[in-house]
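Read the structure below first, then the notes.
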Amino acid sequence: MAEKGEKVNWYELSVKLHRFYGGKIETIPKVPVRRIKDFAIWYTPGVAEPSRLISKDPDLSFELTSRWNTIAVVSDGTRVLGLGNIGPEGAYPVMEGKALIFKFLGGVDAVPLVHRARDPEKFLELLELIEPAFGGINLEDIESPKCFHILDEARKRLNIPVWHDDQQGTAAVTLAGLINAFKIVGKDIRKSRIVLFGAGAANIALYRLLKAYGVPPENIVVLDSKGVLHPDREDIDKLMISHPWKYQIAIETKGGGLRPGDPIWKALEGADALVAASRPGPGVIKKEWVAKMAKDAIVFAEANPVPEIWPWEAKEAGARIVATGRSDFPNQVNNSLVFPGVFRGVLDVRARTITDTMAIAAAEELARFAEERGIREDYILPTMEEWEVYPRVAAAVAVKAVEEGLARKTTTYNEELERARRIIGLTREKYETIWSKGLIPKPPVDYPENE
Amino acid sequence: MYEAGIVYRKPLEGDREQLANLILRFYRFNEEFDPAWALAGDADNRALSLADRYIAGEGYTIVADHEGELTGFIHAYVQEYPLLENSKQAVIVELYVKPQYRGRGIATGLLEKLMEAVSSDGISVVTAMFPTANFVAERFYSKRKFRRYLQIYLREV
């Protein structure tokens with residue numbers, strides 16, 4: 001099912017290469033094993049002493065084991081990419097891919113952990129049970145609204161950072177993009193009207209970040225598939241029970257001053273920014289609606305693989321800055337700019353959690369990084385090839401964790417920047433060495449390099 | 001303790017539409033908790049006639065008025081138990097506050113005004129009925145010193 005106009009069939013190629021390599025990651029030792037006798041250090045009898053020490057002081061597990069740099073990428077497979085509920089085994093390739101990116105961009109050892117705990121309480125119990133093995137948890141591809149409950153509760157119950165990338169990752173990179181977009185159009189984000197179209201994981205988390213960033217809730221309108229989240233909406237009391245997160249937004253935003261049942265174009269009338277994180281387009285957001293927005297409108301259409309509105313359509317309708325989730329258009333809103341650095345940072349200071357303010361710190365650092373390189377209408381966010389971005393995010397997040405008293409270790413911005421550069425750099429150097437020595441076989445089928 | 005600017009009073013003729021809307025919202029909310037609470041097709045109309053009866057003085061009804069906007073209401077009827085010492089009970093069957101006014105003590109205000117009204121009529125016991133699964137109501141009444149009292153069983157015939 002290659003997209004129209006696309007020369008490479010990524011789906012077919014992907015299956016062939018997944019089969020050829022038998023998955024994507026493996027574990028490799030990082031200590032000297034010169035002779036069998038070395039195992040007396042790394043295993044019995046020597047290892048008994050680290051074990052004894054950790055047993056007395058469990059926090060020592062962050063010093064004496066690989067826990068400090070190891071996270072679990074956890075999914076129940078209930079909402080995988082745009083594929084829906086495809087089960088834990090189906091989710092495995094995605095989690096493994098995430099683990100690959102974690103290692104490559106953040107130097108983080110990530111373990112794919114897919115499981116059958118569909119019930120939220122069981123899911124949470126699983127996280128509590130595996131906590132001793134990991135320095136952090138990255139939740140992934142869990143259906144909404146279950147994902148909100150699991151994240152909120154896990155953050156309370158666990159003493160290691162828990163992050164749901166579909167919420168905080170997407171929200172943080174979107175916030176970064178918005179910060180710079182508002183700078184370019186010369187408006188104050190805190191005095192602007194922002195419409196969030198789609199009330200799934202990404203936009204509900206974005207709402208929370210915007211609020212924490214200082215945007216008054218009344219300036220925000222959130223729409224789900226039934227329309228504006230409004231305190232006078234017919235199903236409002238049902239939402240209180242079934243989806244307290246939407247309920248809270250309806251109450252706090254007061255429906256952005258609209259009437260319940262007002263159509264989307266009414267919500268967009270005079271709006272300064274639209275963030276659509278809903279379902280694949282095109283045509284989900286109409287040109288006529290964008291045309292009703294304020295001058296110098298900002299439009300983020302984040303659905304994959306096809307944005308809610310094509311960028312050129314949004315531009316024709318008067319939008320000045322357009323961002324999408326795609327790498328083949330300018331301004332890609334991409335989680336991968338955030339999560340490797342965030343985890344690098346929290347792991348390096350042995351943080352106990354990741355707060356919303358730490359996510360905002362990541363967003364501000366991303367925005368600053370792009371600004372230093374000169375922001376333009378078609379460059380509001382760094383691209384993934386800008387390697388320096390990951391240590392920068394790590395440093396910003398680590399310092400915030402220390403500031404908030406949530407880190408087990410202290411650090412400074414420059415110290416963490418150096419450390420993150422070193423760890424990520426070393427990972428890549430090791431990889432380059434293995435690759436250039438031919439220890440990873442060349443792919444038997446490939447795509448043209450200019451693709 | 002209570003939201004400033006809220007007036008608790010009996011419903012009036014002019015409250016008809018607003019009161020009917022609150023009644024409807026109350027039932028729609030409880031529909032969530034038990035299939036036996038499924039709304040009738042013409043529930044809107046029935047809510048209007050119920051509002052008329054409350055305005056005419058059936059049972060006890062108190063509304064919370066915020067500058068002309070009805071933000072909530074409570075309604076109870078009187079149940080007689082001739083043989084009991086407490087021969088009359090006020091049974092709260094409906095209590096609703098609009099979402100945007102919640103958390104400000106309005107429901108508590110409504111409940112207290114209702115208790116004052118029934119007590120001045122010589123009724124010494126107030127009970128509340130709600131679907132078993134309605135944990136919101138259960139939490140509300142438990143916090144206000146109500147205790148579990150009756151069990152109601154249901155079977156379709």
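Annotation note: of A:Val290, A:Val338, A:Val342, the sole residue that is under 30 Å from A:Leu105 (Cα atoms), touching a strand residue (DSSP E or B) at 6+ places or on another chain (Cβ under 9 Å) and modelled with pLDDT of 95 or more is A:Val342. Consider B:Gly57 carefully, then state whether it is surrounded by fewer than 14 Cβ atoms within 10 Å (Cβ to Cβ), out of contact with any His (no Cβ under 8 Å at 6 or more places or on another chain) and within 14 Å of another protein chain (Cβ to nearest Cβ). It is false that B:Gly57 is surrounded by fewer than 14 Cβ atoms within 10 Å (Cβ to Cβ), out of contact with any His (no Cβ under 8 Å at 6 or more places or on another chain) and within 14 Å of another protein chain (Cβ to nearest Cβ). If only residues of segment A:410-451 that are more than 21 Å from A:Gly22 (Cα to Cα) and at pLDDT below 95 are counted, the one that is surrounded by the most Cβ atoms within 10 Å (Cβ to Cβ) is A:Glu451. Note on segment A:50-131: enclosed helices (runs of 4 or more DSSP H) holding 2 or more residues that are without any contact (Cβ under 8 Å) to a residue 12 or more places away in the chain and within 20 Å of A:Ala154 (Cα to Cα) are A:120-130. When B:Ala4 is tested against the conditions (1) at pLDDT below 95; (2) more than 14 Å from chain A (Cβ to nearest Cβ); (3) in a helix (DSSP H, G or I), the lone failure is (3). Across segment A:240-257, what is the number of residues that are out of contact with any Leu (no Cβ under 8 Å at 6 or more places or on another chain) and crowded, with 19+ Cβ neighbours inside 10 Å? Total satisfying the criteria: 5.
I want to confirm something. Restricting to segment A:393-408 and keeping residues that are at pLDDT 95 or above and not in a helix (DSSP H, G or I), which single residue is surrounded by the most Cβ atoms within 10 Å (Cβ to Cβ)? Only one residue fits best here, namely A:Ala407. Here A:Ala117, A:Ala154 are screened, and the one residue that is under 19 Å from A:Ala91 (Cβ atoms), in contact with a helix residue (DSSP H, G or I) (Cβ under 6 Å, 6 or more places away or on another chain), modelled with pLDDT of 95 or more and surrounded by fewer than 21 Cβ atoms within 10 Å (Cβ to Cβ) is A:Ala117. State whether the residues of segment A:166-177 include one that is out of contact with any helix residue (DSSP H, G or I) (no Cβ under 6 Å at 6 or more places or on another chain), in the same structural domain as A:Ala394 (by TED's automatic domain parsing) and modelled with pLDDT of 95 or more. The answer is yes; a qualifying residue exists.
Please verify whether A:Asn219 is farther than 30 Å from A:Lys98 by Cα and either surrounded by 18 or more Cβ atoms within 10 Å (Cβ to Cβ) or touching a strand residue (DSSP E or B) at 6+ places or on another chain (Cβ under 8 Å) (or both), treating the condition exactly as stated. Judged against the criteria, A:Asn219 is a match. Taken together, the residues in segment A:181-208 that are farther than 18 Å from A:Met293 by Cα and crowded, with 24+ Cβ neighbours inside 10 Å amount to 8. Among the helices (runs of 4 or more DSSP H) confined to segment A:212-307, the ones with at least 2 residues that are touching a residue at least 12 places away in the same chain (Cβ under 8 Å), within 25 Å of A:Val185 (Cα to Cα) and away from chain B (no Cβ under 14 Å) are located at A:264-268, A:287-291. Residue count for segment B:20-50, restricted to those that are outside any helix (DSSP H, G or I) and within 14 Å of another protein chain (Cβ to nearest Cβ): 5.
The values are calculated or read from the model by the stated rules, or taken from the named source; none is laboratory data. Remember, predicted model here, so these are calculated numbers, not experimental data. We place every Cβ from the backbone using ideal geometry, glycine too, and count neighbours over all the protein chains shown.
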